[in-house]
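We did not get these values from a lab; they are worked out from the coordinates using the rules stated. Here the structure is a predicted model, which is why all the values come from computation and not from measurement. Neighbour counts are summed over all protein chains in view; Cβ atoms, including those assigned to glycine, are modelled from backbone coordinates with ideal geometry.
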Amino acid sequence: MTQLPPPPAGGLSQRALLIIIALLLGLLTGLTAGVLAILLHATILGAVTCAGGAFIAVTMLLFRICELLR
């Protein structure tokens with residue numbers, strides 16, 4: 001079995017920065033989805049549902065990509 005290489009020296013600060021970037025991109029995507037839902041005449045509950053789902057999906061996708069790149 002192959003062992004994983006050790007993390008780089010500045011690993012903690014780099015990981016914190018990647019988490020912040022993933023959260024901000026998730027927030028931006030959620031906001032965009034909510035605004036588009038309102039513009040397409042969805043109800044407030046529908047817009048919030050759409051925005052929340054987009055936030056969760058994009059944030060988890062980015063966390064998974066960051067995990068795979070480590």
- Item | With Cα atoms, 0 to 90° folded angle of helix 44-69 axis to the chain main axis | 10 degrees
- Going 7 Å from the Cα of GLN14 in the Cα-to-Cβ direction, what parts of the range 30-70 have a backbone nitrogen less than 19 Å from that spot? 62-70
- Quick one: angle between helix 11-39 and the longest Cα principal axis of the chain, in degrees between 0 and 90, rounded to 10, please. 10 degrees
- Computed over the chain, Cα set: Rg, Dmax in Å: 16.5, 55
